[in-house]
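Below: one structure, written as structure tokens.
Quick note: the coordinates plus some simple rules give every number you see, no bench work behind them. From a predicted model like this one, the values you see are computed outputs, not experimental measurements. In this analysis, Cβ positions are derived from the backbone assuming ideal geometry, glycine residues included, and neighbour counts consider all displayed protein chains.
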Amino acid sequence: MKRLFILLFFATVLGSCSEKDCCVLPPVLSEFHGEWDLVRLTNGFSQLDQTGEAIGFTEKIIINAENKTFTRMINDSSEVSSVTNGIEGGREALILTDEQMYHWYWFEQIDGKTHLLLYQKCPIGAVLADGSTYYYSKR
């Protein structure tokens, strides 16, 4: 009788959960989803930091986790690629599948705000040494 009660309890709990309420996992790229503005650039070799107008251009990236797209807007031009995340060169990477390129990535807290850091874009299968690091702040 006790086993029957436990079995009925779990069947009720699991059966009462609708797909929209609890069973849908967030998109793989959900932590990246949104618009990100370039706020700082660190040159790889010299480690020279540039911010604001010293960067010399404006850049925004839009990562859509649902459509799995990565849009880079530099000044007045834009490029779009399919994106996924995975491992390249032994590190976590955003992989731009249409371009066959990747960015190593990590997140940092700077002044209480989360920043997405992307290492300079590199061809899949290659490893870039002394590349620049791009700091993006979420809008």
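Which residues, counting only those in the range 39-49, are surrounded by 14 or more Cβ atoms within 10 Å (Cβ to Cβ) and either in contact with a helix residue (DSSP H, G or I) (Cβ under 7 Å, 6 or more places away or on another chain) or in a strand (DSSP E or B) (or both)? Even if it seems obvious, please write down each step before you answer.
The first filter runs over the range 39-49 and keeps only residues surrounded by 14 or more Cβ atoms within 10 Å (Cβ to Cβ), leaving 39-44.
Correct list: V39, R40, L41, T42.
Residues of the range 52-71 being of a type outside the set (F, W, Y), surrounded by 12 or more Cβ atoms within 10 Å (Cβ to Cβ) and in contact with a Leu (Cβ under 9 Å, 6 or more places away or on another chain), which ones?
Within the range 52-71, I55, T58, E59, K60, I61, I63, N64, A65, K68 meet the criteria.
Among the residues in the range 75-83, are any more than 19 Å from K138 (Cβ to Cβ), in contact with a Phe, Trp or Tyr (Cβ under 6 Å, 6 or more places away or on another chain) and of a type in the set (S, T, Y)?
Yes, the range 75-83 contains a residue that is more than 19 Å from K138 (Cβ to Cβ), in contact with a Phe, Trp or Tyr (Cβ under 6 Å, 6 or more places away or on another chain) and of a type in the set (S, T, Y).
Out of the residues in the range 50-67 that are more than 21 Å from the chain's Cα centre (by Cα) and part of a strand (DSSP E or B), state the one that is nearest to A129 (Cα to Cα).
The extreme case among them is Q50.
How many residues does the range 79-91 contain that are in contact with a strand residue (DSSP E or B) (Cβ under 7 Å, 6 or more places away or on another chain) and surrounded by fewer than 14 Cβ atoms within 10 Å (Cβ to Cβ)?
5
One residue is enough: does the range 43-55 have a residue meeting the conditions touching a residue at least 24 places away in the same chain (Cβ under 8 Å) and charged (D, E, K, R)? Even if it seems obvious, please write down each step before you answer.
As a first pass, look at the range 43-55 and keep what is touching a residue at least 24 places away in the same chain (Cβ under 8 Å): 43-45.
Adding the requirement that they be charged (D, E, K, R) leaves none.
So far as the range 43-55 goes, no, none of its residues is touching a residue at least 24 places away in the same chain (Cβ under 8 Å) and charged (D, E, K, R).
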